[in-house]
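The values are calculated or read from the model by the stated rules, or taken from the named source; none is laboratory data. As the structure is a computational prediction, the values presented were derived from the model and not from experiment. Here the Cβ positions follow ideal geometry from the backbone for every residue, glycine too, while neighbour counts run over all protein chains shown.
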């Protein structure tokens, strides 16, 4: 006796698109992998831990963490050190 085959579900990590329901704009939520990528390549478990600890703006949906890109962007702006990534050479001291 053979089992009927299940339909194959393909998932893609494409960026969610905003939806417009009855004139209201809803921002799509990012999952932990998308949020980790958005934050510069953090590990998804790090993002989950930061959300659980309240250090990262997040929404709990059941057992999953979801993130608004706009909230993450504001968080980055607030927590940015403002230092540039260019390196500089300290000037030599003269006696």
Residue list for the range 19-36, restricted to those being within 16 Å of the chain's Cα centre (by Cα) and at pLDDT below 95: 27, 28
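Residues are listed down the side, and each one gets a yes or a no for (1) modelled with pLDDT under 95; (2) on the phi > 0 side of the Ramachandran plot:
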residue: 40; (1), (2): yes, yes
residue: 43; (1), (2): no, no
residue: 46; (1), (2): no, no
residue: 56; (1), (2): no, no
residue: 71; (1), (2): no, no
residue: 78; (1), (2): yes, no
residue: 83; (1), (2): yes, no
Per the filter on the range 30-87, residues in contact with a strand residue (DSSP E or B) (Cβ under 8 Å, 6 or more places away or on another chain), in contact (Cβ under 8 Å) with a residue 24 or more places away in the chain and outside any helix (DSSP H, G or I) are 30, 31, 59, 61, 65, 66, 67, 68
